[in-house]
Amino acid sequence: MQGASISLDHVGISFGDAQIVSNVNLEIRPGEFICLLGPSGCGKSTLLNAIAGFLPVQGRIEVNESPVTGPGLDRGVVFQSAEVLFPWLTIRENVEYGLRLRGTPALARREKADHFLGLVGLTHAAEKFPAQLSGGMRQRAQIARVLINEPHVVLMDEPFGALDAQTREVLQVELDRIWRESGCTIVFVTHDIWEALLLADRVVVMTAGPRAGIKTIETIDLPHPRDQGSSECLALFRRLRDDIGAEVKQALRQQGLNREPV
Amino acid sequence: MSDTTQSPGVRLPLSTLRFKAMATKVSVGPLSVLAGLLLWHVASLYTSPLFLPSPLTVWRTALEMLADGSLLESVAASAWRIAAGWAAGVAVGVPLGVFMGRFPVIRLMVDPYIEFFRFIPPIAFVTLAVIWLGPGEITKIALIFYTTVFIVTLNTIAGVKAVNPLRLQAARSLGANAISEMTTVILPSTVPFMVTGARIAMGNSFLTVVSAEIVSAQTGLGAMIWTARNFARTDWVFVGIIALGILGYVFDRVLRLASNKLLNRYQ
Ligand SMILES: Nc1ncnc2c1ncn2[C@@H]1O[C@H](COP(=O)(O)OP(=O)(O)OP(=O)(O)O)[C@@H](O)[C@H]1O
Ligand SMILES: [Mg+2]
């Protein structure tokens, strides 16, 4: 599988009169891992949904040089909530869903599902229903369901946000491995600076909304697997924390939430 | 704390506790029925049989009516009308509900009618149905059909509207088109609503069938209950009422078992 390039050219998104995101320009290389960071409510999910093709946009979004006009098989989406798994299908049937839609014969479907279930460590849970799985297992099932379609781009919206710290760490390492094996391009929304430092090639920090845009882009030129205790990592962490901190303050001020001591 | 008199430190072994819990579950229902029968019996001792026949009298009457075939005939007539009208109603109500839930324009068109008719019980249409469709079988079935379509359609619409939009987005980005989205996401999501609608409709079908049979039928449990009046046979009324209760229970049980078995994964 080969990752695709993504190009955002003067992208703006609005809901009715409210301009949520405006003038975003970003070139993402094939196979790159991009993390989107920013204060809550600035428009990270909105931007991701736009790349997924769920929302109309101003400006241009192109994936592998062809404009995005709607959802497509070339872009897989991993949602924050594992509710998007179909509760009436077993984990295996959920994972096979995309293949079934395309009419892949049962045997080939089964073989491929086995491979991807193994990749996310869910072979033993294949015949269970989503409700019988833990939160972390459900998220892995969701990832397998997306990867089996072999998308060029995987869009992930805080996929590990609802998990406990230990599970999250395990899945971060797994995702890093899967990404390197598959070669796909990943755009990953997170609140967690450490998570971004662990995974990303570049970290994109967004400004506080409304009319959110890109504040800074940090290139994380460190070898994988990354050591969060290294001095480069710590320096990057501080820089990102200060960048985001300023925007969060700005966002809170707009929401009337910060009470400066008088 | 009435039947457990052990000191706080003593614990019953788990198996004993489980046995007690099960015994309670199994025995409370029948015991309560028995108590009810007893109360009925005692009450019947102090009233005339025309006012309240005793359980034993009703039992004997039921046996007689079973022996001469009249009870089974009435039950079969009512059961057939309910089954036919209800099944047709579900068969039409489900697709109608999906269609209306999916296309808001159609829903907007039909909405005023729904809002108007939802408070008019089907019983109100009995006379009209007889005038339009005659006194035959079709009248009763049509009324039950109407009852069922209404409820099943409304429930199905609610189900379609309750489909998680994120699941639709997920399906789309996994390669679903409008048709596969319908068959693989919307329909399965809506199944529990359809089943609920069908079950409620079954209950209402019993209401409808009795009133329709009272007004215009020679056969069926409703007719039987109504004829009893002419012969001052209160015991027939009781037999009819109890037969209705049992028939309803059986229908609901069968429906529940079937839907649990066939549609288990959608619940
Ligand atoms: N469907 C919608 N209609 C109107 N406004 C919306 C809609 N969806 C999002 N918004 C608004 O767009 C802004 C950005 O929302 P978005 O969910 O993209 O933020 P986010 O950066 O993902 O936040 P978080 O980190 O909390 O997930 C918010 O102010 C939100 O109120
Ligand atoms: Mg978000």
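Determine if region B:202-219 includes at least one residue that is touching a residue at least 60 places away in the same chain (Cβ under 8 Å), more than 30 Å from B:Leu133 (Cβ to Cβ) and open to solvent by less than 30 Å² (accessible area, probe 1.4 Å). Scanning region B:202-219 turns up no residue that is touching a residue at least 60 places away in the same chain (Cβ under 8 Å), more than 30 Å from B:Leu133 (Cβ to Cβ) and open to solvent by less than 30 Å² (accessible area, probe 1.4 Å). Only residues that are more than 23 Å from A:Val63 (Cβ to Cβ), polar (S, T, N, Q) and assigned by TED's automatic domain parsing to the domain that holds A:Arg110 were counted across region A:132-187, and they come to 3. Restricting the search to strands (runs of 3 or more DSSP E) fully inside region A:17-131 and requiring at least 3 residues that are touching a Pro at 6+ places or on another chain (Cβ under 6 Å) gives A:75-78.
Per the listing A:Arg226, A:Arg239, the residue uniquely in a helix (DSSP H, G or I) and either among the charged types (D, E, K, R) or more than 26 Å from A:Leu122 (Cβ to Cβ) (or both) is A:Arg239. Summed over region B:64-85, the residues that are part of a helix (DSSP H, G or I) and farther than 16 Å from B:Leu244 by Cα give a count of 4.
Of the residues that make up region A:71-79, is at least one in contact with a helix residue (DSSP H, G or I) (Cβ under 8 Å, 6 or more places away or on another chain), within 14 Å of another protein chain (Cβ to nearest Cβ), open to solvent by 40 Å² or more (accessible area, probe 1.4 Å) and away from ligand 1 (no atom under 15 Å from the Cβ)? Checking region A:71-79: at least one residue is in contact with a helix residue (DSSP H, G or I) (Cβ under 8 Å, 6 or more places away or on another chain), within 14 Å of another protein chain (Cβ to nearest Cβ), open to solvent by 40 Å² or more (accessible area, probe 1.4 Å) and away from ligand 1 (no atom under 15 Å from the Cβ).
For region A:89-124, taking the residues that are hydrophobic (A, V, I, L, M, F, W, C) and without any contact (Cβ under 8 Å) to a residue 12 or more places away in the chain, the one that is nearest to ligand 2 (Cβ to nearest atom) is identified as A:Leu101. The numbered conditions (1) open to solvent by less than 20 Å² (accessible area, probe 1.4 Å); (2) assigned by TED's automatic domain parsing to the domain that holds A:Arg211; (3) away from ligand 2 (no atom under 16 Å from the Cβ); (4) of a type outside the set (Lys, Arg) are all true for A:Ser5 except (1). The residue pairs whose first member lies in region A:53-79 and is in contact (Cβ under 8 Å) with a residue 60 or more places away in the chain and more than 24 Å from A:Ile143 (Cα to Cα), whose second member is of a type in the set (Ser, Thr, Tyr) and in a loop (DSSP other than H, G, I, E, B), and whose beta carbons are closer than 8 Å, counting only pairs six or more residues apart or on different chains, are A:Glu65/A:Ser5. In region B:124-168, of all residues being buried (at least 20 other Cβ atoms within 10 Å of the Cβ) and within 14 Å of another protein chain (Cβ to nearest Cβ), the one that is farthest from the chain's Cα centre (by Cα) corresponds to B:Arg167.
Residues are listed down the side, and each one gets a yes or a no for (1) open to solvent by less than 30 Å² (accessible area, probe 1.4 Å); (2) small (Gly, Ala, Ser):
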| residue | (1), (2) |
| --- | --- |
| A:Gln166 | no, no |
| A:Glu169 | no, no |
| A:Glu195 | yes, no |
| A:Gly209 | yes, yes |
| A:Asp227 | no, no |
| A:Phe237 | no, no |
| A:Arg241 | no, no |
| A:Gln254 | no, no |
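The combined condition, being within 16 Å of ligand 1 (Cβ to nearest atom), modelled with pLDDT of 85 or more, within 18 Å of A:Ser40 (Cβ to Cβ) and surrounded by fewer than 14 Cβ atoms within 10 Å (Cβ to Cβ), is fulfilled by A:Gly245. Looking across region A:1-16, the residues that are more than 15 Å from the chain's Cα centre (by Cα), more than 16 Å from ligand 1 (Cβ to nearest atom) and in a strand (DSSP E or B) come down to A:Ser7, A:Asp9, A:His10. Any residue that is within 28 Å of B:Ile82 (Cβ to Cβ) and part of a helix (DSSP H, G or I) - is there at least one of those in region B:180-187? Yes, the conditions are met somewhere in region B:180-187. Only one of the listed residues (B:Lys140, B:Lys161) is closer than 30 Å to A:Phe86 by Cβ, touching a residue at least 40 places away in the same chain (Cβ under 8 Å) and basic (Lys, Arg). That residue is B:Lys161. Whenever a residue of region A:163-190 is within 14 Å of chain B (Cβ to nearest Cβ), its partners that are within 16 Å of ligand 2 (Cβ to nearest atom) and open to solvent by less than 10 Å² (accessible area, probe 1.4 Å), lying with C-beta atoms within less than 6 angstrom and at least six residues away or across chains, give the pairs A:Val187/A:Ile34; A:Val187/A:Leu155. Residues that are free of Cβ contacts under 8 Å to residues at least 24 places away in the same chain and of a type in the set (Phe, Trp, Tyr) were ranked within region B:220-241; the one that is nearest to A:Asn94 (Cα to Cα) is B:Trp226. Exactly one residue among B:Phe206, B:Phe238, B:Phe231, B:Phe251 is under 14 Å from the mean Cα position of the chain (by Cα) and either farther than 27 Å from B:Asp111 by Cα or among the β-branched types (Val, Ile, Thr) (or both), and that residue is B:Phe251.
Assess whether A:Arg29 counts as being outside the structural domain of A:Asp221 (by TED's automatic domain parsing) and more than 15 Å from ligand 1 (Cβ to nearest atom). Spelling it out, it is not the case that A:Arg29 is outside the structural domain of A:Asp221 (by TED's automatic domain parsing) and more than 15 Å from ligand 1 (Cβ to nearest atom).
The values are calculated or read from the model by the stated rules, or taken from the named source; none is laboratory data. Keep in mind that what you see is a predicted model, and the values were worked out from it rather than measured. Positions of Cβ are backbone-derived with ideal geometry, glycine not excepted, and every protein chain shown enters the neighbour counts. Accessible surface is based on the protein model in full, side chains and every heavy atom, while ligands, DNA and RNA are left aside. Shrake-Rupley method; radii C 1.70, N 1.55, O 1.52, S 1.80 Å.
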